[in-house]
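Participant: One structure, as structure tokens, below. Some questions next.
Values in this text are rule-based calculations from the coordinates and carry no lab data. Please read these numbers as outputs of a predicted model, since none were measured by experiment. Here the Cβ is made from the backbone with ideal geometry for all residues, glycine too, and neighbour counts use every protein chain on show.
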Amino acid sequence: MKQVIKVFLAVLFIFTSCTSSRITSSWKSPDLQQKKYKKILVLGLLKDTDRPLRERMEEHIIGDLKNLGYDAVCSCTEYDPKEFNNMKEQEAMQKLNTGGIDAVLTVVLLNKTKERYYVPGRVNYTPYSIYSRQWWGYYSTMYDRIYEPGYYEASTKYFWESNFYELENKQLLYSAQTESFDPASTESLAHEYGKLIVNSMVKNQVLADQTKIVPLKPM
């Protein structure tokens, strides 16, 4: 029975793994004006122990932005992990301006929790009419059903926040909070999260798909 439950959970995961992340809330500035940005910096803020996840997150979001026709760069390759820690705002802005960056998309891991939950053994009711005609058949069948031990499974939840800033006016244009549940891998989590956030920004008209914009012909 334990093996059957594991197989069921595995099959269930296959059909739900592509939707392990969801946006729980989002906001966009009422003063938003869609524009073409020269270069977008994707900046992850995660603990040092989650550095591989940070790198995958930044790389996948950059890929999604480039697919829209934007120039985007990864903070994990452009700067040291704690590049801006001891800087003042003016110094940080100068460094970004020097690099031609005019917008920043932050990815912050607000919280990460791990929970253990108990999966009981045989719990579904099934009538045993054949075995119940004799006490031993009934007893031996029900004994296995009642006393088969359960087991523990682990569940991991991620709580994210992403903000999109325009540097020229120092303005927050978009913000979203997201939950992710039991991703199959760091790679799949980063891929899914990048698609989710970038698609939401397009849907909310924060960014446009530059590849679908037909340039005006000169007069």
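Participant: Let me check I've understood the local charge: for G44, count other residues with C-beta under 11 angstrom from its C-beta, Lys and Arg +1, Asp and Glu -1. What total comes out?
Facilitator: That works out to 0.
Participant: Points 7 angstrom from Cα along the Cβ direction at N86 and D209: gap in nanometres?
Facilitator: It works out to 4.7 nm between the two label points.
Participant: Tell me, T186, T24 in order of fewest to most beta-carbon neighbours within 10 Å?
Facilitator: T24, T186
Participant: Same structure, new question: Work out the length of the dipole vector of the range 159-212 about its Cα centre, built from +1 on the beta-carbon of each Lys and Arg and -1 on the beta-carbon of each Asp and Glu, and round it to the nearest 20 debye.
Facilitator: With only Lys, Arg, Asp and Glu charged at Cβ, the dipole is about 240 debye.
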